[in-house]
Amino acid sequence: MYNESALQIAQKFKSGQVSATEITSYFLKRISSGDHKIGSFLSCLEERALQKAKELDQKRAEGKPLGKLAGVPIGIKDNIHVKDEVTTCASKFLSNYIAPYDSTVTKLIEAEDGIILGKHNLDEFAMGSTNENSAFFPTKNPWNENIVAGGSSGGSAASVAAGFTKISLGTDTGGSIRLPAAFCGCVGFKPSFGRVSRYGLVAFGSSLDQIGPLATSVEDAALMMEVIGKHCSKDSTSLNLAPQPYISELKNSVQSKTVGVPFHLIDQLPSEARSHFEQNIELMKKMGLNIIDINLDVLKYSVPVYYIIAPAEASTNLARFDGVLYSNRAKNCETIDDVYQNSRSEGFGPEVKQRILLGTYVLSAKAQDAYYKKAQQVRTLIINAMKKAFNSCDVIATPTAPYSAFDRNSIQDPLSLYLQDIYTIPANLAGLPSISIPTGFTSDDRPFGMQLMGPKHEDARLLRFAHHIEKNVSLSPKMSPHFDKENLA
Ligand code: GLN
């Protein structure tokens, strides 16, 4: 069952070939016998999942209509609320925090009969690119346990790659869905800003954050978008647009359409990544797509712009974690200042502290004009350049990252990690839909991904391109061979 798609599993359940309880028990067993090697879950919601499965079996027996995700095993990144369950954001600060309400995406998934199996590991508060910033334990890559899973939605990506869940939700502020998808050999889709409700997501960068699916195929990502790609009145940034026909749109052709490639951004790639990407370009030409060179020189500023805006927004969003209202309070405090200071010092990990300091500095009266304001101005240039690029092409293709997944604990310098986000950040700054699809392996069997970006709000169009391109350039199965045995123990 682990190698079937979410769509196939839902069909099997609906047609009576398998019960929801059987599906759920099967995947729960895979998790309990395999996840100790990977660490993709922070909590497994066994009881909730089996209860939901029982209800679904009952519903089917009574001939009631079944939802789009009926019987599909799903995982949720642990910065998204599932009512009455712990939301830790992989931070010591929230290790006991019980979500008092459901996020909109959780509600939508359960209303369409998806079965939530658990909450996924992440970099603390979604800050990072490796999952090594989780305060609890790092997620390992199912393809090779010595390499990173990517981040910050590394738990979601690793779970899908190991066949523990069929679709998992991640969040993407600067690449956190697409990068781990590329590192773990699965599909990761970041919708347009505002396409998916963020109600019930613990905010990191409010002008950048977006929830989206990780799956083993574009079709399954489209299935999840049919469920969660809806306007939500509880999120003031939610787009009030009609939902798109994500799945039926996949059938339309992409023949003779144009793919823009910013070749000047590819030139400095390490040679293996470069020749791999060039091979993808040849495959896209063969399938009848026109490839054109586009100039996006201004994107050289996207990393510095992001690492000013994202920490600025994070520093304000994380101000609420003060040991008073939410979260763990430091012991033995004498004054209210002690409560704030000690709780924050004890509760946050080093990367989060670094971002709060950076964000507070760029927003301070003296530095604001030189950094924050300037970054917002350059962001506008980036938005305009991307908009202009789509006058001459339908989608833009780049590698997802300059490197494939690297060895765990091999990068200590935060700047080189930040540079890893060079290709993914522009879509967040400009609010564009963007997807990473798996396209093969390095000579030492590490997955490679290719990124596609579409014009603003053209999510369904982008998925269509990705679906056709996936069929022609995906050179690999999307599940790790280490996890392909029925019995993982
Ligand atoms: N790697 C980026 C960062 O550390 C992206 C994080 C994200 O998208 N949540 O901020």
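So for segment 358-372 (the condition being within 14 Å of the ligand (Cβ to nearest atom) and either assigned to a helix (DSSP H, G or I) or acidic (Asp, Glu) (or both)), does at least one residue qualify? Show your work before the answer.
So the first thing to find is which residues in segment 358-372 are within 14 Å of the ligand (Cβ to nearest atom), and the list is 358-359.
Restricting the remaining residues to those that are either assigned to a helix (DSSP H, G or I) or acidic (Asp, Glu) (or both) gives 358-359.
Yes: one or more hits.
Being touching a Gly at 6+ places or on another chain (Cβ under 9 Å), more than 16 Å from the ligand (Cβ to nearest atom) and at positive phi is the requirement here; does Asp84 meet it?
no
Between residues in segment 298-311 that are open to solvent by less than 10 Å² (accessible area, probe 1.4 Å) and residues that are within 12 Å of the ligand (Cβ to nearest atom) and among the basic types (Lys, Arg), which pairs lie under 8 Å by C-beta distance while being six or more apart or on different chains?
Within 8 Å, the pairs are Ala310/Arg355; Pro311/Arg355.
Name the single residue, out of those in segment 291-302 being out of contact with any Phe, Trp or Tyr (no Cβ under 6 Å at 6 or more places or on another chain) and either assigned to a helix (DSSP H, G or I) or of a type in the set (Asp, Glu) (or both), that is farthest from the ligand (Cβ to nearest atom).
Ranking the candidates gives Asp297 first.
Say whether the condition of being among the aliphatic types (A, V, I, L, M), more than 16 Å from the ligand (Cβ to nearest atom), open to solvent by 10 Å² or more (accessible area, probe 1.4 Å) and assigned to a loop (DSSP other than H, G, I, E, B) is met by at least one residue in segment 200-209.
Within segment 200-209 (the criterion being among the aliphatic types (A, V, I, L, M), more than 16 Å from the ligand (Cβ to nearest atom), open to solvent by 10 Å² or more (accessible area, probe 1.4 Å) and assigned to a loop (DSSP other than H, G, I, E, B)), the answer is no, since none of the residues qualifies.
Residue-by-condition table, conditions (1) under 20 Å from Ser207 (Cα atoms); (2) touching a residue at least 12 places away in the same chain (Cβ under 8 Å); (3) surrounded by fewer than 14 Cβ atoms within 10 Å (Cβ to Cβ):
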position	(1), (2), (3)
Glu351	no, yes, no
Ala385	yes, yes, no
Ser392	no, yes, yes
Ala397	no, yes, no
Asp421	yes, yes, no
Asp444	no, no, yes
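Can Phe183 be described as within 15 Å of the ligand (Cβ to nearest atom), in contact with a Pro (Cβ under 6 Å, 6 or more places away or on another chain) and either closer than 15 Å to Gln451 by Cα or in a strand (DSSP E or B) (or both)?
Numbers: within 15 Å of the ligand (Cβ to nearest atom): yes; in contact with a Pro (Cβ under 6 Å, 6 or more places away or on another chain): no; either closer than 15 Å to Gln451 by Cα or in a strand (DSSP E or B) (or both): yes.
No.
For Ala365, which of the numbered conditions (1) closer than 30 Å to His467 by Cα; (2) open to solvent by 80 Å² or more (accessible area, probe 1.4 Å); (3) of a type in the set (Gly, Ala, Ser) fails to hold?
Of the numbered conditions (1) closer than 30 Å to His467 by Cα; (2) open to solvent by 80 Å² or more (accessible area, probe 1.4 Å); (3) of a type in the set (Gly, Ala, Ser), the odd one out for Ala365 is (1).
In segment 303-339, how many are within 16 Å of the ligand (Cβ to nearest atom) and aromatic (Phe, Trp, Tyr)?
Looking only at that region, the number is 2.
So if I check each of Leu452, Leu462, Leu417, which one is at pLDDT below 95 and under 19 Å from the mean Cα position of the chain (by Cα)?
Matching residue, one of Leu452, Leu462, Leu417: Leu417.
Going through segment 132-141 one residue at a time, which ones are open to solvent by 10 Å² or more (accessible area, probe 1.4 Å) and in a loop (DSSP other than H, G, I, E, B)?
Answer for segment 132-141, where residues must be open to solvent by 10 Å² or more (accessible area, probe 1.4 Å) and in a loop (DSSP other than H, G, I, E, B): Glu132, Asn133, Ser134, Ala135, Phe136, Phe137, Pro138.
Among the residues of segment 46-88, which ones are within 19 Å of Ala10 (Cβ to Cβ) and acidic (Asp, Glu)?
Those that are within 19 Å of Ala10 (Cβ to Cβ) and acidic (Asp, Glu): Glu55, Asp57, Glu62.
Could you check segment 142-166 and list, in sequence order, the residues that are of a type in the set (S, T, N, Q), away from the ligand (no atom under 16 Å from the Cβ) and not in a strand (DSSP E or B)? Walk me through it before giving the result.
Within segment 142-166, the first condition is being of a type in the set (S, T, N, Q), and the residues that meet it are 144, 146, 152-153, 156, 159, 165.
When the remaining residues are screened for being away from the ligand (no atom under 16 Å from the Cβ), the result is 144, 146, 159, 165.
Matches in segment 142-166: Ser159, Thr165.
Take the residues in segment 114-131 that are surrounded by 24 or more Cβ atoms within 10 Å (Cβ to Cβ) and among the hydrophobic types (A, V, I, L, M, F, W, C); name whichever of them is farthest from the ligand (Cβ to nearest atom).
Filtering segment 114-131 down to residues surrounded by 24 or more Cβ atoms within 10 Å (Cβ to Cβ) leaves 114-115, 117-131.
Adding the requirement that they be among the hydrophobic types (A, V, I, L, M, F, W, C) leaves 115, 117, 122, 125-127.
Values: Ile115: 26, Leu117: 22, Leu122: 8, Phe125: 8, Ala126: 4, Met127: 5 Å.
This residue is Ile115.
Taking His468 and the conditions (1) away from the ligand (no atom under 15 Å from the Cβ); (2) open to solvent by less than 40 Å² (accessible area, probe 1.4 Å); (3) under 19 Å from Phe193 (Cα atoms), which numbered condition does it fall short on, given that it satisfies the others?
Every listed condition holds for His468 apart from (3).
The values are calculated or read from the model by the stated rules, or taken from the named source; none is laboratory data. For clarity, every value in this text was computed on a predicted model and none was experimentally measured. Cβ: placed from backbone, ideal geometry, glycine included. Neighbour counts: every protein chain shown. The area values use the complete protein model at the heavy-atom level, side chains included, leaving out ligands, DNA and RNA. Shrake-Rupley method; radii C 1.70, N 1.55, O 1.52, S 1.80 Å.
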